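These notes concern the structure reproduced below.
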Amino acid sequence: MKSHSHYEIEDFLADDSFLDWVRGVPNESSAQWDAWLCQYPHKRELVEEARTLALAIRVKPTRELRDDEVQRLVEEVQQRLPHQPRIIGFGLRRIAAGVVLLAGLGAGISWGVSWYKCQQEQVTPYQQLTEACHCSLTEQVNTSTQPIFIRLPDGSTVVLKSGAKLSYDQAFRGTKRIVYLQGEALFEVKRNPDRPFYVYANDLVTKVLGTSFVVNAQAEGDRASVCVLSGRVSVFHRNRSEVRISPQTERKAVILAPNQQIVFQQGDPQLVKEIVKKPQLISHQATVSNFEFSDTALREVFSKLEMAYGVNIIYDEEVMAKCPLTASFTDRPLFEMLTIICKAVEARYEILDGQIIVYGKGC
């Protein structure tokens, strides 16, 4: 028997329980269809087309119709529908003993109530992804108020924040290491170029070979973020109907370096790279004493900041590189230092595509 998740329109129309559901006939199978549609919201368009046809036809006991009669009646139905569904052929033959048009008002109201209920109880992206997985998953849920430490099968580690959930294949079978996240977690991924590591979090997918980063994907599913602490990761947007990422989607990835992040908002397909609000030192050699400058050329100042924070500072070297700076910075955040530097040399800066752009007249 074909699974509902593989149904085409003619399969829905040949299923008596589906027909009862869209026409508002109360029974146990109707509740099962409510739950199924909530579980597979990406099937809504296909179900809507099947529903439209189901509301426009009624099966009644009469003589067996010939194929040409069924096709003619189907075409008449389709011409009267405001939204024309896919044309189906012999599939209707299985269920049509006779076809008549009807208003379907009561069934339409029932459908609306069911869909509203489904919207209220919509499954999260995390549930959709984990339920679509064809392997046995281990789930870790942090029900405490403190972060918990998890060691994955490959030696990678996860610090799972309060309220977060993480699911993964305990054996990490296959060529990819895949985990599913709801909530916030810090990952330290063990490097393995032959088996990339994927984090599915709402509509963002993060791919890494070995690095540390923070992913935040709340249950509502309309927002997710990735922040890199060390190494590099690629991040791409997942179409919600995709449970696995295609090569075409991966080619649209945005590469993030340390102190860079992406914040994705549902409804906005663009992935915009940003610098985190409070960049952290990433160089073990960088200390507060490194930021003592005495008549130091701006080229050297910017170079030290780039190395210490892993950021890219772009400026007009011809007019600004040799400008001298005398300043002492003690425990100052990066953006505060940049503000002071720019005031000293009569310049300004802005953040664009995860880089710092400095504009100035020179000295």
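So here's what we get for this one:
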read-out	value
Test: residue in segment 269-281 that is touching a Pro at 6+ places or on another chain (Cβ under 9 Å) and either outside any loop (DSSP other than H, G, I, E, B) or modelled with pLDDT under 85 (or both)	no
Matching residues, segment 169-205, being under 18 Å from L137 (Cα atoms), open to solvent by less than 50 Å² (accessible area, probe 1.4 Å) and not in a strand (DSSP E or B)	F172, N202
Close pairs (9 angstrom Cβ cut-off, 6 or more residues apart or separate chains): over 18 Å from K273 (Cα atoms) in segment 338-363, modelled with pLDDT under 90 and open to solvent by 70 Å² or more (accessible area, probe 1.4 Å) anywhere	I340/R332; V345/K361; V345/C363; E346/K361; E346/C363; A347/K361
Odd one out for I262 among (1) surrounded by 15 or more Cβ atoms within 10 Å (Cβ to Cβ); (2) closer than 30 Å to I313 by Cβ; (3) out of contact with any Ser or Thr (no Cβ under 7 Å at 6 or more places or on another chain)	(3)
Residues of segment 137-157 classified as more than 22 Å from the chain's Cα centre (by Cα), open to solvent by 50 Å² or more (accessible area, probe 1.4 Å) and closer than 19 Å to G174 by Cβ, total	1
Cβ pairs under 8 Å, 6+ apart, first in segment 206-222 and surrounded by fewer than 16 Cβ atoms within 10 Å (Cβ to Cβ), second in a loop (DSSP other than H, G, I, E, B) and among the polar types (S, T, N, Q)	A219/T124; E220/T124; D222/N202; D222/Q266
Residues of segment 174-190 classified as farther than 15 Å from L209 by Cα and under 17 Å from the mean Cα position of the chain (by Cα), total	6
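The values are calculated or read from the model by the stated rules, or taken from the named source; none is laboratory data. Here the structure is a predicted model, which means the values were calculated and not measured. Note that we place each Cβ from the backbone using ideal geometry, even for glycine, and neighbour counts take in every protein chain shown. Calculation scope for accessible area: heavy atoms of the full protein, side chains included, ligands and nucleic acids excluded. Shrake-Rupley method; radii C 1.70, N 1.55, O 1.52, S 1.80 Å.
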